[in-house]
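> Once you've had a glance at the structure underneath, I'll fire off some questions.
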Amino acid sequence: MQSISPEIIFRGDSAWIKSLPQIAKLTKRPLLLGRSLATNNLRKKIYSDLEKENLNVQEANLQFDCCMEDLNRLKKITLKNRCDSIIASGGGKVLDAGKYLAECLSIPCITVPLSASTCAGWTALSNIYTTTGQFIEDVALSSCPKILVFDHGFIKTAPRRTLASGIADALAKWYESSLTSSKMDDGLVQHAIQISRVLRDQLLIDGEKAFNYKYDERLSWCNTIEACGLTAGLIGGIGGEKCRTAAAHAIHNAITQIITPKKFLHGEIVGIGILLQLKLEEIKNNNNLANQSIKQLLVLMKEINLPTTISELGINVFEKNNLEKIAQFTCKDKSEIHFLPFAVNKEDIIKVISYFEKQEIKI
Ligand SMILES: [Zn+2]
């Protein structure tokens, strides 16, 4: 079974307002789920717009992360209030929590991303973390959200950092799927990989312009947010589980195991994972072009203020056995790293991380 996309998508400047009649047809007692204080005002607007549609809206927030503690608490709130849908409005963690909750309770989910930081508003997948943000597992859901509302006006209010994170996460689609799935003879998977190549090219051209948004470059911004929030999700939908993540996400998952004082966004960590994956390709797969790709990516990543080393995440890998811990988690059984078309072990991970952490790479 494969769920390729949300049933209905509203996109553009007034997507939220346009979606209201459709939402009112689907639900009478929605649970509006959010998290961040920064998006409180937007959620207030969403809440009052829903009330104007005569809906009986309940509100709840994630306290920590998309974690079982929050999910179990929210499940009880949803049941107690007899809510008949979840409207998840926020970043990737809120969207993942809303989708997971709706699946558990067999009610529809409506996703309203408030940034372009991930494609979580689209996909039939939820990443589960601990209360402190350490990755545990990703859970495949039976379907994509019922309605996705991708309102450009909402996305515009998000910090630029979220867009940079979305760009890195969307870029990973090409770097990971082309490596793990290019030899697959499934036509749809091949199409997904080709879309991810076009997506990468577009982000390399438009990413920096979108990040430094100027009104006369609005088209670059629109294309970039939709690339990150929609096209990246479509690739996952068409490619399905055969269009796999690989080292970049495996390394992301490992890095989240180390708790840092400052929280980093999913794509900010995935971006570092892409660089490390390319280095693995160079040394383990004799891919001489990988070094060119690293240089090309580093230019964009620096332009859009993305971290390029683990030390920029506030982690000294040469302390507290951190390097060993990251390598161990990256290479554990069932890790996506084993989808790479060449064998990788702990020592390889230690080698490529040390390479980036020890030297200032010249662009
Ligand atoms: Zn991701």
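> Taking 0.36 nm per residue of sequence separation and subtracting the Cα-Cα distance, how much length would be gained by fully extending the chain between A24 and V198, in nm to one decimal? The partial results should precede the final answer.
Values: separation 174, 0.36 × 174 = 62.64 nm, distance 3.65 nm.
Result: 59.0 nm gained on full extension.
> How high is the relative contact order of the chain, in percent, counting Cα pairs under 8 Å that sit 6 or more residues apart? Can you show the working numbers first?
Working: 695 pairs, mean separation 57.6, N = 363.
Relative contact order for the chain comes out at 16 percent.
> Pick from P261, P108, P21 the residue whose mean-square fluctuation is largest in a GNM of the chain, springs joining Cα atoms under 10 Å.
Comparing P261, P108, P21 in a Gaussian network model of the chain, the most mobile one is P261.
> Right, another one. Evaluate the distance, in nm, between pseudo-label points positioned 7 Å from the Cα of N285 and of K262 along their respective Cα→Cβ axes.
Reported label-point gap for N285 and K262 is 3.2 nm.
> Follow-up question, since we're still on this one. May I ask you to order 25-35, 43-53, 60-70 by the average number of other C-beta atoms within 10 Å around their residues, highest value first? Walk me through the numbers on the way to the answer.
Working: 25-35: 21.5, 43-53: 15.5, 60-70: 18.9.
Averaged packing, sorted descending, gives the order 25-35, 60-70, 43-53.
> What is the Cα centroid distance between the range 70-130 and the range 280-327, reported in whole angstrom?
One Cα centre to the other: 32 Å.
> With a point put 7 Å past each Cα toward its Cβ, work out how far K183 is from K52 in nm, to one decimal.
With each label point 7 Å from Cα toward Cβ, the separation is 5.7 nm.
> On a full-extension model of 0.36 nm per residue, what is the gain between E217 and D138, subtracting their alpha-carbon distance, rounded to one decimal in nm? List each step's numbers first, then the result.
Details: separation 79, 0.36 × 79 = 28.44 nm, distance 3.63 nm.
24.8 nm is the gain from fully extending E217 to D138.
> Quick one: among S311, S115, S165, which has the greatest mean-square fluctuation in a GNM of the chain with alpha-carbon springs under 10 angstrom?
In the Gaussian network model the winner is S311.
> Just need the relative contact order of the range 8-156 here, percent rounded to a whole number, with Cα pairs under 8 Å and 6+ apart.
Details: 310 pairs, mean separation 43.3, N = 149.
Rounded, it is 29 percent for the range 8-156.
> Oh, and also: Can you give the % of DSSP beta bridges in the range 8-156 that are antiparallel, to the nearest 5? List each step's numbers first, then the result.
On the way: 5 of 26 bridges.
Around 20 percent antiparallel, to the nearest 5.
> Further question: Please state the charge dipole magnitude for the chain, taken about the Cα centre, from unit charges on C-beta atoms (+1 on K and R, -1 on D and E), reported in debye and rounded to the nearest 20.
Values: 44 positive and 39 negative charges, 157 e Å.
Using only the charged Cβ atoms, the result is roughly 760 debye.
> Given 25 °C and 0.890 mPa s, how large is the Stokes-Einstein diffusion coefficient of the range 154-279 in µm²/s, with Rh as the Kirkwood radius over Cα pairs?
On the way: Rh = 14.9 Å.
Calculated translational D: 164 µm²/s.
> Here is a further query. Rounded to the nearest 10 degrees, what's the angle between the helix 266-284 long axis and the longest principal axis of the chain, both from Cα atoms, 0 to 90?
It works out to around 30 degrees.
> What distance in nm separates the two pseudo spin-label positions at Q328 and C104, each 7 Å out from Cα along the beta-carbon direction?
The answer from the label model is 3.0 nm.
> Can you list the residues, at least 5 places off or on another chain, whose amide H is less than 5 Å from the amide H of L62, using H built in the peptide plane?
Those qualifying (amide H under 5 Å, at least 5 residues apart or on another chain) are G34, R35.
> Okay, next question. For Cα pairs less than 8 Å apart in space and 6+ apart in sequence, what is the mean separation divided by the residue count of the range 290-363, i.e. the relative contact order in percent? If you can, show how the numbers build up before the last one.
On the way: 38 pairs, mean separation 21.4, N = 74.
Once normalised by length, the contact order is 29 percent.
> On to the next question. Would you list F154, F318 from fewest to most Cβ contacts within 10 Å? Don't jump to the answer; show the numbers that get you there.
Working: F154 21, F318 13.
Lowest to highest Cβ neighbour count: F318, F154.
> With r defined as the distance between the Cβ atoms of E319 and K295 and R0 fixed at 30 Å, what FRET efficiency is calculated, to the nearest 0.05?
Values: r = 29 Å, r/R0 = 0.96.
E between E319 and K295, to the nearest 0.05, is 0.55.
> Using just the alpha carbons, could you tell me how many Å³ per residue the convex hull of the chain encloses? Don't skip to the answer; put the middle values down first.
Values: hull volume 45.9 nm³, N = 363.
Residue-normalised Cα hull volume stands at 126 Å³.
> Let me ask something else. Relative to the present Cα-Cα distance, how much length would full extension add between I4 and R82 at 0.36 nm per residue of separation? Intermediate results must be reported in sequence, preceding the final value.
Details: separation 78, 0.36 × 78 = 28.08 nm, distance 2.91 nm.
Value of the extension gain: 25.2 nm.
No value in this document is a laboratory result; all are computed from the given coordinates. Keep in mind it's a predicted model, so treat the numbers as computed, not measured. Neighbour counts are summed over all protein chains in view; Cβ atoms, including those assigned to glycine, are modelled from backbone coordinates with ideal geometry.
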